[in-house]
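These notes concern the structure reproduced below.
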Amino acid sequence: MRDLTDINTRSWTVATAPGRLPVLGHAVPLRRAPLEFLTSLSQHGDLVRLDLGRHPAYMVCHKDLVSQVLRDPRTFDWGGPFYEKTKLLMGNTLGNCPYRDHRRMRRLVQPSFRLSRIASYSKVMHDELAAEMDTWRPGGTVELNDTLHAVTARVGAKVLMSTDIAGDAVEQILSCLPIVMDGMYRRVVAPWAGLYRLPTPGNRRFEAARTQLRDLVHGIIAEYRRAGVDHGDLMSGLLSAHDEESDTALTDVEVHDMVMNFLAAATETTATALCWALYELDRNRECERRLHAEADRLAGTDDLSTLTYTRQVINETLRLYPPGWMMTRIVSEDTSLAGHPLPAGTILVYSSYALQRDPRMFPDADRFDPDRWLSDRAAEVPPGAMIPFGSGSRKCIGDNFAMMETVLSLTQIAARWSLRLVPGTKVRAEPRALVAMGPLPMVTHPRRATTRQEAA
Ligand code: HEM
């Protein structure tokens, strides 16, 4: 067993990933089975070199090295070949800015995400999901992936802009957003950027939606500024934020970019987590029974601390299906990691997906087992092994928001419905910008609440 006390004096294994081809690098395994490939790399070393097309990179496989990278954002700065393209949608904002801009931005945005502020959003979450479930019919089929994406997008937009000021603009934003998100993903993975400058109908649609989205959000910002009142929503929080250290506030462009960052970050992540949870519950009926029992006992609560089992289910879902399968950092100055020299400009990759499926950290790692998060067992999980929200100064700013939305939504669905996958459906993780999933058609069976006796 290794000495875990000092990261600098330990002996680490540095290796090259197998399957490298001349010119193509590791493009073939990365394209064919990216999640399996990345997850397998820890067998080869703690720091493993892989070639992303023309870009040499290192995958950081050991949790302690990942912690070291995430705790030192000055040396291991935000960046990488794919994520630069996010600037198309959100300029230079909290989620994609370099270290030099990050601290000021984080100080300005953090107060809007305080627990006391986000607690009031639970009603929006509840009402949007209730309205959607009211359209479900006993024995009907719902394509859950699109449905929950639409619900979380509505929640995100309404929590941002809760007032009549936003009015119809919110609906228009919601219709532009999927076009822009999809177009952005295509541009991120495009082998040849020039493709997306051609005047094709798809490219024109993307540019039109992007321009419309920008104009709509700037229009709303202008209206909020004119009204000058705190409406208790996120937009008001961003507009009134003031950073004492730099004596600055967010400019209109910065507020616009933050709104885009928020909408992009808040929709896909929570919707996908809910889909995976419901998919696993259908496959694990005893877990479903316990979840239903808790939902029946605590129907209508918005107190997360009481929803113990529901939180365990969400934790276990985020362990097996965290959205971040391939996060990157750029080395900003010559340094070393795992005793290996890394020149400035080196790309580092970390994957919470791979880390959280490491059998050395999680026995029977591929099994969906919410009881891992019972307090005594959770205490045995080594620090740094479970990081679905990242860690360090760039840890997800929406973590409490996401937990609130996923836990409350899951218990709200569980109180009314049992969902069964349409037989024959093949469901698999699809590594896109985040770990996504394809269509999830499920049959909706209404439930009768279990009695208190059954629930006990
Ligand atoms: C299940 C839901 C979610 C998961 C698992 C998740 C995960 C993450 C992760 C892993 C990071 C760090 C990425 C890195 O290391 O480069 C991150 C950053 C971020 N997330 Fe989330 N996220 C979720 C939901 C949300 C929501 C709901 C919001 C907004 C309300 C949000 C806003 C952000 C922002 C703004 C950042 C950048 C933070 C910074 O750099 O300071 N996320 N998220």
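The values are calculated or read from the model by the stated rules, or taken from the named source; none is laboratory data. From a predicted model like this one, the values you see are computed outputs, not experimental measurements. Positions of Cβ are backbone-derived with ideal geometry, glycine not excepted, and every protein chain shown enters the neighbour counts. Ligands, DNA and RNA are stripped out before the accessible areas are found, and what is left, the full protein with its side chains, is counted by its heavy atoms. Shrake-Rupley method; radii C 1.70, N 1.55, O 1.52, S 1.80 Å.
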For this session: Please verify whether segment 351-367 includes one or more residues that are outside any loop (DSSP other than H, G, I, E, B), of a type in the set (Lys, Arg) and touching a helix residue (DSSP H, G or I) at 6+ places or on another chain (Cβ under 9 Å).
Result: no
Exercise. For segment 373-408, what are the residues that are within 11 Å of the ligand (Cβ to nearest atom), in a helix (DSSP H, G or I) and closer than 28 Å to Leu129 by Cα?
Worked result: Asp399, Asn400, Phe401, Ala402, Met403, Met404, Glu405, Thr406, Val407
For this session: Would you confirm whether any residue within segment 288-306 is within 16 Å of the ligand (Cβ to nearest atom) and either over 22 Å from Tyr121 (Cα atoms) or touching a helix residue (DSSP H, G or I) at 6+ places or on another chain (Cβ under 8 Å) (or both)?
Result: yes
Problem set entry | Lone qualifier among Asp182, Asp282, Asp243, Asp230 - being out of contact with any strand residue (DSSP E or B) (no Cβ under 6 Å at 6 or more places or on another chain), modelled with pLDDT of 90 or more and surrounded by fewer than 21 Cβ atoms within 10 Å (Cβ to Cβ) | Asp243
Seminar exercise, completed: Of (1) surrounded by fewer than 13 Cβ atoms within 10 Å (Cβ to Cβ); (2) closer than 25 Å to Thr301 by Cα; (3) touching a residue at least 12 places away in the same chain (Cβ under 8 Å); (4) not acidic (Asp, Glu), Thr147 fails just (1)
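For (1) under 26 Å from Leu216 (Cα atoms); (2) aliphatic (A, V, I, L, M), each residue gets a yes or a no:
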| residue | (1), (2) |
| --- | --- |
| Arg106 | yes, no |
| Ser116 | no, no |
| Met125 | yes, yes |
| Glu128 | yes, no |
| Glu132 | yes, no |
| Glu143 | no, no |
Exercise. Based on what the data block shows, is Glu254 within 16 Å of the ligand (Cβ to nearest atom), open to solvent by 10 Å² or more (accessible area, probe 1.4 Å), more than 27 Å from Glu143 (Cα to Cα) and part of a helix (DSSP H, G or I)?
Worked result: yes
For this session: Give Arg290, Arg319 a once-over and let me know the one that is more than 30 Å from Thr86 (Cβ to Cβ) and out of contact with any strand residue (DSSP E or B) (no Cβ under 6 Å at 6 or more places or on another chain).
Result: Arg290
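Rundown of residues vs (1) in a helix (DSSP H, G or I); (2) under 30 Å from Leu304 (Cβ atoms); (3) within 11 Å of the ligand (Cβ to nearest atom); (4) hydrophobic (A, V, I, L, M, F, W, C), yes/no style:
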| position | (1), (2), (3), (4) |
| --- | --- |
| Val69 | yes, no, yes, yes |
| Glu84 | yes, no, no, no |
| His126 | yes, yes, no, no |
| Ala130 | yes, yes, no, yes |
| Ser175 | yes, no, no, no |
Seminar exercise, completed: If we ask which residues in segment 14-73 are small (Gly, Ala, Ser) and under 26 Å from Lys395 (Cα atoms), their number turns out to be 5
Exercise. Here are some residues: Arg71, Arg54, Arg32. Which one is surrounded by fewer than 15 Cβ atoms within 10 Å (Cβ to Cβ), charged (D, E, K, R) and free of Cβ contacts under 8 Å to residues at least 24 places away in the same chain?
Worked result: Arg32
